[in-house]
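Every number here is computed from the coordinates shown, using simple stated rules; none is lab data. Note that this is a predicted model, so its numbers are computed, not measured. Using ideal geometry, Cβ is built from the backbone for each residue, glycine included, and neighbour counts are taken over all protein chains shown.
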Amino acid sequence: MVSCVECHAYILLTTYLPSMSEVASRQQESPSSALKPGTPAPDFTLHSTPDQSISLNLFRGHPTILAFYPADFSPVCGDQMTLYNEVLPEFQHFNAEVLGISVDGVWCHRAFSKDRKLRFPLLSDFEPKGEVARKYGVYRKQDGITERALFVIDSDGVIKWSYVSPIGINPGAEGILKALESISKPTKEQR
Amino acid sequence: MEADTVKLTLPISNDRDHIQGQDTAPVTLVEYGDYECPYCGQAYPIIKQVQNKLGNKLRFVFRNFPITQIHPHAQHAAEAAEAAAAQNKFWQMHDNIYEHQEALDDNHLEKYAVIVGLDLAKFKKDMHNHAYAGHVREDFLSGVRSGVNGTPTFYINGTRYNDSWDLETLLETLRSTIK
């Protein structure tokens, strides 16, 4: 198991760890407040490294995938970020970019990204805490982490698909790929 | 709940899949696995015990889901098992690899080819040409499309299984599916 002292991180172990079920039991029954398809995606600027920031509007002209996730360093093979890293070529067929977002700080992201050899940025929604997650309706105030939420934004900056997964379940890539298919044509043959 | 109804999108086929058990078995368990993944390594003896206990009531299918960015040997190990499949020794190779997860470099994969009795020249040629990389990729993409979200990911009668795969829980779930 890995721990990262500087992170506001919870240690996750697949779907059957007490900490996750405690979090899940506090999940509200009310419908998700996540921004719905058709909504313009709120712009933001977040740190991806100690020295660099990324703004969403930089990706105008490309479909963009925002993957909000609770915490770095879930010790399973194929945690969500690792999975998207593996599936990246499929996203790139659609000219799409992936951005991972959690409330972890940039140093934690750096360690996690290096450990998992991630080839897309992790953004730090750290200060003010969860501000971007709040804009997207996916901040878990009672836990101080983001939901496990996905947004696919088209090249004009409009949300075309969003999904909030139960916090203990990795939603995989299938929903993202379906959304990308519906909004863009692949740049080369997939099959 | 959406998570309970995630479905396998590529049907099981005798032409392309590695299957233990009969088509007529009342329950089918599919595993998407990575040969270098320690969790798949833990699942390996559990599956063996499940097969032992359920006998001909269970059909088991293994498909590849190598997470190559973090498991540098996973891709070649998957190709090696597929190359063994071409010589009708898939399960022997699959088992050998899981029993030696600490040694999955190309030299060791060749040793396992010898151990399971493959035509080594053909094996080496297939590995050099990446003859089965396409099949591994097809498995991987079918997993992505089926909502595979880590390794191992299991499907019971075509629906993704999200619960614990410890022996007791898995066995109980499979048994209740059979009833």
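Protection proxy ranking for B:120-130, A:160-170, using the average of other Cβ atoms within 10 Å per residue and placing the highest first: A:160-170, B:120-130.
Restricting attention to the range B:2-178, close to 60% of DSSP beta bridges with both partner residues there are antiparallel. Legend: mean number of C-beta atoms from other chains within 10 angstrom of residue C-beta atoms, peptide B:146-159, equals 4.
The order of the peptides A:101-108, A:136-143, A:119-126, A:42-49 by mean Cβ neighbours within 10 Å, most packed first, is A:101-108, A:119-126, A:136-143, A:42-49. Label reach from B:GLU138 (point 7 Å along Cα→C-beta): in the range B:49-75, amide nitrogens under 20 Å belong to B:60-67, B:75.
When you count the other C-beta atoms within 10 angstrom of each residue and take the mean per peptide, B:72-78, B:161-167 line up highest first as B:72-78, B:161-167. Taking every residue in B:65-72 and counting other chain Cβ atoms within 10 Å of its Cβ, the average works out to 5. Within the range B:8-28, which residues have the backbone N less than 19 Å from the label spot 7 Å out from B:ASP95 along Cα→beta-carbon, could you tell me? It comes to B:18-22, nothing else.
In this calculation the C-beta distance from B:LEU167 to B:HIS128 is compared with R0 = 30 Å, giving a FRET efficiency of 0.15.
Using C-alpha pairs below 8 Å separated by at least 6 residues, the relative contact order for chain B is 35 percent. The distance between label points at A:ASP43 and A:SER182 comes to 2.7 nm (points 7 Å beyond Cα on the Cα→Cβ vector). Taking every DSSP helix (H) stretch of at least 4 residues in the protein assembly as shown, weighting each as -39,500 (n - 2.57) and dividing the sum by the residue count yields a mean residue ellipticity at 222 nm of -10500 deg cm²/dmol. In straight-distance terms, cross-link reach from B:LYS122 covers every one of the lysines whose alpha-carbon lies under 22 Å from its own, apart from those fewer than eight places away in the same chain; here that gives B:LYS89, B:LYS111. Look at the dipole of chain B built from charges on Cβ: of B:PRO11, B:THR151, B:VAL116, the Cα furthest out on the positive end belongs to B:PRO11. Enclosing the Cα atoms of the range B:2-178 in their convex hull gives a volume equal to 109 cubic angstrom per residue. When the Gaussian network model of chain B links Cα atoms closer than 10 Å, the mean-square fluctuations of B:GLY147, B:GLY41, B:GLY55 top out at B:GLY55.
Qualifying GluC sites (Glu not before Pro) in the range B:77-179, where qualification requires a DSSP coil assignment and no more than 15 other C-beta atoms within 10 Å, comprise B:GLU99, B:GLU102. Once both labels are positioned 7 Å from their Cα atoms along Cα-to-Cβ, the gap between B:THR159 and B:ILE178 label points is 1.9 nm. For the range A:35-191, the fraction of C-alpha pairs farther apart than 19 angstrom is 50 percent.
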